[in-house]
1. Quick one: which strands (runs of 3 or more DSSP E) lie wholly within region B:1-96 and hold at least 3 residues that are away from every other protein chain (no Cβ under 14 Å) and crowded, with 19+ Cβ neighbours inside 10 Å?
2. Condition check: at pLDDT below 95, assigned to a strand (DSSP E or B) and crowded, with 16+ Cβ neighbours inside 10 Å. Does A:Ala92 satisfy that?
3. Which of (1) touching a Leu at 6+ places or on another chain (Cβ under 9 Å); (2) buried (at least 16 other Cβ atoms within 10 Å of the Cβ) is the odd one out, the single condition A:Val112 does not satisfy?
4. If you scan region B:60-114, which residues turn out to be modelled with pLDDT under 95, out of contact with any Gly (no Cβ under 6 Å at 6 or more places or on another chain) and among the aromatic types (Phe, Trp, Tyr)?
5. Please go through region B:56-88 and give me each residue that is under 16 Å from B:Phe39 (Cβ atoms) and acidic (Asp, Glu), ordered by number.
6. If you take just the strands (runs of 3 or more DSSP E) that sit entirely in region A:1-87, which of them hold at least 1 residues that are surrounded by 12 or more Cβ atoms within 10 Å (Cβ to Cβ) and more than 14 Å from chain B (Cβ to nearest Cβ)?
7. Would you check if there is a residue in region A:34-54 being touching a residue at least 12 places away in the same chain (Cβ under 8 Å) and more than 24 Å from B:Arg97 (Cα to Cα)?
8. Scan region B:97-114 for residues that are part of a loop (DSSP other than H, G, I, E, B) and on the phi < 0 side of the Ramachandran plot and report the count.
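The values are calculated or read from the model by the stated rules, or taken from the named source; none is laboratory data. Note that the structure is predicted; figures quoted are calculated from it, not measured. All Cβ positions, glycine included, derive from the backbone under ideal geometry; neighbour counts span all protein chains shown.
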Amino acid sequence: AQSVTQLDSQVPVFEEAPVELRCNYSSSVSVYLFWYVQYPNQGLQLLLKYLSGSTLVKGINGFEAEFNKSQTSFHLRKPSVHISDTAEYFCAVSGGGGSYIPTFGRGTSLIVHP
Amino acid sequence: GAVVSQHPSWVICKSGTSVKIECRSLDFQATTMFWYRQFPKQSLMLMATSNEGSKATYEQGVEKDKFLINHASLTLSTLTVTSAHPEDSSFYICSARLVDNEQFFGPGTRLTVL
């Protein structure tokens, strides 16, 4: 079985400050990892994904994430946030146990203050 | 990139009526689509996996007679909420699977049952 833990339900930050949204996963096999962003009343948009290869993954909107197998983490980072980054962020894992159906974390609400 | 649409984006209905939500993959064929339900401030809950030309696979606790899923073509899956009640009010999101275990999400449908 696979699971995802997003440790922070809400992360407030000031504009232009750096941010890190934490994600830890558990799985007994190799997995695929994803970060999605959801704006109010909208569906999910893929920010970035890790399938294999380089552990540092760059995504859209200036976000990046690093896959750390030993710590089973896939934290999302951005060096300087904007007001428009205010949204809900979901970490997801798939591939564990042979299933390609992703398991989502509970989400982290990023709130950027001016 | 792959685009998934949903229709309608917002629907209000009376208790006891049925509502059909469409999910379309616009520029690719999807043998597998997924239906999720999302409550306010919560993560996505997988309801069922929709397979083209066969019966949907429902997650535990999801009433298949209540939430009818039809995947009649490679680009269209429908979710019908039968005899809707206020507790069925929610945000319903579909997704379609492509290669690399990546899913593309629709924009969601907000259902309000009065």
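1. Numbers: elements: B:4-7, B:10-13, B:19-25, B:32-38, B:44-51, B:67-73, B:76-81.
Output list reads B:67-73, B:76-81.
2. Details: at pLDDT below 95: yes; assigned to a strand (DSSP E or B): yes; crowded, with 16+ Cβ neighbours inside 10 Å: yes.
For A:Ala92, the condition - at pLDDT below 95, assigned to a strand (DSSP E or B) and crowded, with 16+ Cβ neighbours inside 10 Å - is met.
3. For A:Val112, the exception is condition (1).
4. B:Phe104
5. Correct list: B:Glu59, B:Glu87, B:Asp88.
6. On the way: elements: A:3-5, A:10-14, A:19-21, A:24-26, A:32-38, A:44-50, A:56-58, A:64-68, A:73-78.
The qualifying strands (runs of 3 or more DSSP E) are A:10-14, A:19-21, A:24-26, A:64-68, A:73-78.
7. Checked region A:34-54: no residue is touching a residue at least 12 places away in the same chain (Cβ under 8 Å) and more than 24 Å from B:Arg97 (Cα to Cα).
8. Counting residues in region B:97-114 that are part of a loop (DSSP other than H, G, I, E, B) and on the phi < 0 side of the Ramachandran plot gives 6.
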